[in-house]
1. Give the residues of region 120-138 whose amide nitrogen is closer than 12 Å to a point set 7 Å from the Cα of GLN186 in the direction of its Cβ.
2. Near the amide H of CYS81, under 5 Å away, which other amide H atoms are found, from residues 5 or more places off or on another chain, if H is placed in the peptide plane?
3. Which far-off residues, 5 or more places away or on another chain, put their amide H under 5 Å from the one on PHE129, with H placed in the peptide plane?
4. Gain in length, ARG7 to ASP63, computed as 0.36 nm per residue apart minus the alpha-carbon separation, to one decimal in nm?
5. Kirkwood Rh, Cα Rg: Rg to Rh for region 115-215?
6. Label GLU135 and ALA72 with points 7 Å out from Cα along Cα→Cβ: what is the distance between them in nm?
7. Run the quick spin-label model on SER34 and GLN151: label points 7 Å from Cα toward the beta carbon, then report their separation in nm to one decimal.
8. Testing the spin-label approximation: label points 7 Å from Cα along Cα→Cβ at GLU95 and ARG228. State their distance in nm.
Amino acid sequence: MSPSRGRARIGVITPFTNTNLEADLAILRSDGASYHVTRAGGYDIDEVPDSDQMRQFALSGLDDVLAMLVPARTDIILYGCTSATLSMGPEYDREFCTMIEEKIGVPAVTAAGAIVEALDDLGAGTIGFCSPYTEELNREAAAFLGAGGHQVIQSAYVGEDLGNDGQNALTPDRVLQLGLEANHNQADAVVMSCTDMRAVEVIEDLEARISKPVVTSNQAMIYIAIKRLGLPGRVPGLLGERTGAALSAAR
């Protein structure tokens, strides 16, 4: 039993087909923090999660979802669908966070916004990018990251339009291969985008092979939660190592 439980309560909204985010939270947990997860629908589970589906999800009402988190008295809300706000652009992403903050009264962070902030903190101007998304969503992701000052110079995709089950069934070996394909000798970091892709499990292996930081959706969200709330610990990989000292000094 942890005597420090209750140091922080982290609210998490995850798409209702996602099967990997909660498993990653167990890997990424900061000491004393508890996670309070609720699921959100608003897209067709039988369709490929393309740009139209993700925009539909982003625009679906969150009032009932947020109402389920209010009694937990969370200190921050993490919105665990990267592609939903990637597909809508940076301005929408910022407005989306503001909307959640106004409704529930605590800071909100999206997975997409967390990736950009993590890259900012790493000073990564050029990046390799991989995901299980459709080609259109990948182009929108590159535009989103580029608007934040992070140019995608190499991309790696699965090569087929995967359904929700196909995305979350990608093995760590396949995800690792995607990361290797996304690497470029002029890239400052590699981004592995999607909260339902098993990327957290391959961070350290991939970094050992490419000698540069790897940023994943779920890792980035928890990194920002640790940073915002002044929590102990650090996320795995070079993101945690390179920024850990600065975060500790700021506490």
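1. Taking a point 7 Å out along Cα→Cβ of GLN186, the residues of region 120-138 whose backbone N falls under 12 Å are 126-127.
2. The answer is ALA111.
3. GLN154, SER155, ALA156, VAL191
4. Details: separation 56, 0.36 × 56 = 20.16 nm, distance 2.64 nm.
Here the answer is 17.5 nm.
5. Numbers: Rg = 12.4 Å, Rh = 13.3 Å.
Answer for region 115-215: 0.93.
6. Result for the modelled spin labels: 3.9 nm.
7. 4.8 nm
8. Reported label-point gap for GLU95 and ARG228 is 2.0 nm.
FYI, it's all coordinate maths here, none of it is from the lab. Worth saying up front: this structure is predicted, and the values here are computed from it rather than measured. When we count neighbours, we look across all protein chains shown, and the Cβ atoms used for this are built from the backbone with ideal geometry, even at glycine.
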